[in-house]
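Below is one structure, written out as structure tokens; comments come after it.
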Amino acid sequence: MKHQNTLNIVDRTEHSWQQQLSGARRSFAELCTFLDLAEDSFDGVMKLEKQFPIIAPDPYLSRIVKGDPRDPLLLQVLPQAAELISTPGYSDDPLEEANASPVQGLIHKYHGRVLLVASAACAIHCRYCFRRHFPYQENRLQRNQHQQALDYMASNSDVQEVILSGGDPLTLSNSYLSWLIQAITELPQIHTLRIHTRLPIVIPDRVDEGLLELLPSRLKIVMVVHCNHANELDENVKATMEQLTSAGVTLLNQSVLLKGVNDDAAVLAQLSQRLFECGILPYYLHLLDPVQGAAHFDASEKKAGNLMAAVIKVLPGYLVPRLVRERPGAASKTPLPVVT
Ligand code: SF4
């Protein structure tokens, strides 16, 4: 594991999370300047800035080793010329979610659970994202549209768990989240609220007092934090996770297996160990969803199975994530074989 760059750790009291988000680096030139990288050592990236714009906040960038073009955190946010290659078998909607949306912004494809696109915005743009082509502008929901999604949940008594996703739901203001969570809490059949977010890792200050105060409710709150490499989990992130745990939140992680980032047994084992130090249990290791523009991150099922076999040998069972792939139309995630 590479050493984290501790020189640029952001003073947690200096700027609000909103200021840190609005100050995120949004161009290739800015990224290169901040990270001491030579712009002319990368081909083709300028063409990508409009297709899936760069967003990379400083607290995340501060964990990248300056001057290293292969840093595993950098590769998650740096556009590559390979994104311009059209790959057979890859699509703009690899999970065919558009077919599972009975109400705008709500996806109901698994029994007992619905996913609500709570926010169209993210605090970071991950180059491997399976929703990189999702029509967020069309799904930027107003309160009355969220109310329609709530009405759908109310009329479906089998829905017991609500998943807030996006985008990143924690880009919403605390006051809006308070309204939304309160409305979900009032649906008697709902017992669990799951929040899928990268924000507590990307900008730890997002977990402010206001957010912590609105989380406790009669619902079980599960937060899935989407971390792919141990270097993402610095001491600021660890302190934030401890605050969430103290607030009664169950913390889980799901990762994506990404070539060049974490497709190595030692790196995966270090990720699980560091997650546990931060109070987070590894949950899923996903194979990449075949989204156009991300094929250069793909690792084969065979390689993934071999990696997991090596990981199993060095970790206790509770730190071994389940290797899965999501298949369109399947009733659940598909577990994949581990090659032993
Ligand atoms: S939805 Fe998640 S994975 Fe996709 S860009 Fe946003 S934060 Fe990254």
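None of the figures in this text is laboratory data; all of them are computed from the coordinates on show. Predicted model, so just to flag it, every value in this text is computed and none were measured. Every residue, glycine as well, gets a Cβ built from its backbone with ideal geometry; the counts of neighbours run over all protein chains shown.
Residues 36, 264, ranked from the fewest to the most other C-beta atoms within 10 Å, line up as 36, 264.
Charge dipole (Cα centre; +1 on Lys/Arg Cβ, -1 on Asp/Glu Cβ; no other charges) of the chain amounts to roughly 740 debye. When the alpha carbon gyration tensor of segment 112-197 is reduced to an equivalent ellipsoid, its three semi-axes come out at 22, 13, 12 angstrom, largest first. For the chain, leaving out every one of the trypsin sites (Lys or Arg not before Pro) that falls in a DSSP loop and has at most 12 other Cβ atoms within 10 Å, the longest unbroken run is 71-217.
With the largest listed first and rounded to whole Å, the semi-axes of the equivalent ellipsoid of segment 267-328 from the Cα gyration tensor are 23, 13, 10.
Across the chain, the fraction of Cα-Cα pairs farther apart than 37 Å, rounded to a whole number, is 13%. Just need the Rg to Rh number for segment 51-195, please, alpha carbons only, Kirkwood Rh. Dividing the radius of gyration by the Kirkwood radius yields 1.03. A helix-only calculation puts the chain at -7500 deg cm²/dmol for mean residue ellipticity at 222 nm, using -39500 (n - 2.57) for each DSSP H run of at least four residues, averaged over all residues. Rank 257, 335, 214 by how far each Cα sits towards the positive end of the charge dipole of the chain (+1 on Lys, Arg Cβ; -1 on Asp, Glu Cβ) and give me just the farthest. Toward the positive end, the furthest listed residue is 335. With the charge dipole of segment 211-340 set up from +1 on Lys and Arg Cβ and -1 on Asp and Glu Cβ about the Cα centre, the Cα lying farthest toward the positive end among the listed residues 226, 283, 240 is that of 283. Segment 150-206 and segment 270-298 have Cα centres lying 22 Å from one another.
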